[in-house]
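Asks: The structure under discussion is supplied below as structure tokens; questions concerning it will follow.
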Amino acid sequence: MDLWRETPPALVKTFSSAVGLLVEPVSPYNYYMLAKKYRLTHYEFLLAKKTGKQLRSEDFSAIVANNKLEHPRFAVVTSAKLSKRAVVRNKLRRQIYDVLGTKNLPSGDYLLFPRASMLNLTNEEIGFKLDSLLSKLPGLA
């Protein structure tokens, strides 16, 4: 499942003959964006929140709702309760999107609400915690 946009050419070292500068790659976190078809709009988010099934673990809360598409859609909600700094919240969101890109999940709308205990975990640990949460779904066990 290819959830990610291709790496932009700006991330590859290129030589600009017009300016004569060597352009260094930017931070790797800049290209971990979810492709638009895998994102939820505001209306779809509210609908999934209203109709979905809620799952809880010590590190995540999740709401999973059915959709009529052939692919899953995601939303990760990182509130200011996690951290006052948006940089920290956005890093966690990108890490979760990175882990979700490696999962082969069935069609559905997934709303994920991480808790503060997730802030200092690696991608592998986040993946393990996400697997344990999603294993509570009847269709994924």
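Each value in this text was obtained by applying a stated rule to the coordinates, not by laboratory testing. In this text, all values refer to a predicted model and were calculated from it rather than measured experimentally. Note that we place each Cβ from the backbone using ideal geometry, even for glycine, and neighbour counts take in every protein chain shown.
Asks: Debye calculation, C-alpha points only, no solvent: report log10 I(q)/I(0) for segment 70-135 at q = 0.13, 0.19, 0.26 Å⁻¹, in the same order as the q values.
Replies: -0.34, -0.71, -1.25
Asks: In µm²/s, what is D for segment 28-112 at 37 °C and 0.692 mPa s, where D = kT/(6 pi eta Rh) by Stokes-Einstein and Rh is the Kirkwood radius from Cα pairs?
Replies: In µm²/s, the coefficient is 242.
Asks: Sort 113-122, 36-45, 88-97 for me by packing, meaning the mean count of neighbouring Cβ atoms within 10 Å per residue, highest on top.
Replies: 88-97, 113-122, 36-45
Asks: Then there is this: Straight-line reach from residue 68: which lysines have Cα under 29 Å away, leaving out those fewer than 8 places along the same chain?
Replies: 36, 37, 49, 50, 53, 103, 129, 136
Asks: Quick one: Karplus J couplings for segment 85-94, per residue in order, coefficients 6.51, -1.76, 1.60, θ = phi - 60°, nearest Hz, x for Gly and Pro?
Replies: 8, 5, 4, 5, 5, 5, 5, 4, 4, 5
Asks: Now for a separate question. Quick query: amide H of residue 73 versus all other amide H atoms, modeled in the peptide plane; which residues come in under 5 Å with a sequence gap of 5 or more or a different chain?
Replies: Amide H neighbours of residue 73, under 5 Å, 5+ apart: 108, 109, 110.
Asks: Turning to a different aspect of this structure: What are the ³J(HN,Hα) values, in whole Hz, obtained from phi via the Karplus relation 6.51 cos²θ - 1.76 cosθ + 1.60 with θ = phi - 60°, for each residue of segment 106-116 in sequence order, with x given for Gly and Pro?
Replies: Couplings: x, 4, x, 9, 10, 9, 10, 10, x, 9, 4 Hz.
Asks: Which ³J(HN,Hα) values in Hz, rounded to whole numbers, follow from the phi angles of segment 34-44 under the Karplus curve 6.51 cos²θ - 1.76 cosθ + 1.60, where θ = phi - 60° and Gly and Pro get x?
Replies: Using θ = phi - 60°, the values come out as 7, 4, 4, 6, 9, 9, 9, 6, 4, 5, 5 Hz.
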